[in-house]
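I have placed the structure first, in the form of structure tokens, so that the comments after it can refer back to it.
The values are calculated or read from the model by the stated rules, or taken from the named source; none is laboratory data. None of the values given here were measured: they were computed from a predicted structure. Heads up, the Cβs are rebuilt from the backbone with ideal geometry, glycines too, and the neighbour counts pull from every protein chain shown.
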Amino acid sequence: MAIQRTFSIIKPDATKRNLTGAVVAKLEEAGLRVVASKRIHMTKDQAEGFYAVHKERPFFGELVEFMISEPVVVQVLEGEDAVAKNREVMGATNPEEADAGTIRKEYALSIGENSVHGSDSLENAEIEINFFFKPEEIVG
Ligand code: CMP
């Protein structure tokens, strides 16, 4: 497996509960390295653009409002097989279905307020990284 980069968001429910460090610890314990990180308050335009693929879903409005409700931490993670590894340590979208020890099992409140986002493919990782980061902001 190759070294990859993936994109991660620590979502408002986690930043609000002061869980940023706890989430990063889980990512680092899984062998992922944070090579870029910034805390931002997403604009509505950013949230709608980032989640455009979900715009026909019934939960789209709720998702956008949630993502702009509090600050988030956007990150680039690097490591062996990083896309899959990040999804493994995040756990299933719905925390009730997430495996023990995963971020969502331990910290998520619901399917909507699920503490973290992670890219679902290498192709989307590149798109999502470029959505929030300039190349010079990533320091590997
Ligand atoms: P994420 O990985 O960020 O990608 C899309 C998000 O939509 C997902 O995590 C959830 O937070 C959210 N989502 C998915 N299904 C639902 C749902 N049924 N109700 C509310 N939010 C949802």
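Can you spot a residue in segment 63-73 that is surrounded by fewer than 18 Cβ atoms within 10 Å (Cβ to Cβ) and either without any contact (Cβ under 8 Å) to a residue 12 or more places away in the chain or acidic (Asp, Glu) (or both)? Within segment 63-73 (the criterion being surrounded by fewer than 18 Cβ atoms within 10 Å (Cβ to Cβ) and either without any contact (Cβ under 8 Å) to a residue 12 or more places away in the chain or acidic (Asp, Glu) (or both)), the answer is yes, since at least one residue qualifies. Only one entry of ALA82, ALA108 meets the criterion of being surrounded by 15 or more Cβ atoms within 10 Å (Cβ to Cβ), under 14 Å from the mean Cα position of the chain (by Cα) and more than 10 Å from the ligand (Cβ to nearest atom), and that entry is ALA82. Of ALA22, ALA36, all but one fail to be away from the ligand (no atom under 11 Å from the Cβ) and more than 20 Å from ILE129 (Cβ to Cβ); the exception is ALA22. Scanning segment 10-34 for residues that are assigned to a helix (DSSP H, G or I), more than 10 Å from ILE103 (Cα to Cα) and touching a Leu at 6+ places or on another chain (Cβ under 7 Å) turns up just one, ASP13. One residue stands out among those in segment 93-105 that are within 15 Å of ALA22 (Cβ to Cβ) and more than 12 Å from the ligand (Cβ to nearest atom): the one that is surrounded by the most Cβ atoms within 10 Å (Cβ to Cβ), which is THR102. In the set (1) within 14 Å of the chain's Cα centre (by Cα); (2) of a type outside the set (Asp, Glu); (3) within 13 Å of the ligand (Cβ to nearest atom), the condition left unmet by SER69 is number (1). Here PHE59 clears all of (1) buried (at least 18 other Cβ atoms within 10 Å of the Cβ); (2) within 12 Å of the ligand (Cβ to nearest atom) except the condition numbered (1). Selection of first residues in segment 124-140 that are among the acidic types (Asp, Glu) and of second residues that are surrounded by 11 or more Cβ atoms within 10 Å (Cβ to Cβ) and not in a helix (DSSP H, G or I), restricted to Cβ pairs under 7 Å at least 6 apart or on distinct chains, gives the following pairs, ordered by first then second residue: GLU128/PHE7; GLU128/SER119; GLU137/ALA36. Looking only at residues in segment 121-140 that are out of contact with any Lys or Arg (no Cβ under 7 Å at 6 or more places or on another chain) and closer than 17 Å to LEU27 by Cβ, the one that is modelled with the lowest pLDDT is GLY140. Taking first residues from segment 84-112 that are at pLDDT below 95 and partners that are more than 12 Å from the ligand (Cβ to nearest atom), no Cβ contact under 6 Å between residues at least 6 apart in sequence or on separate chains turns up.
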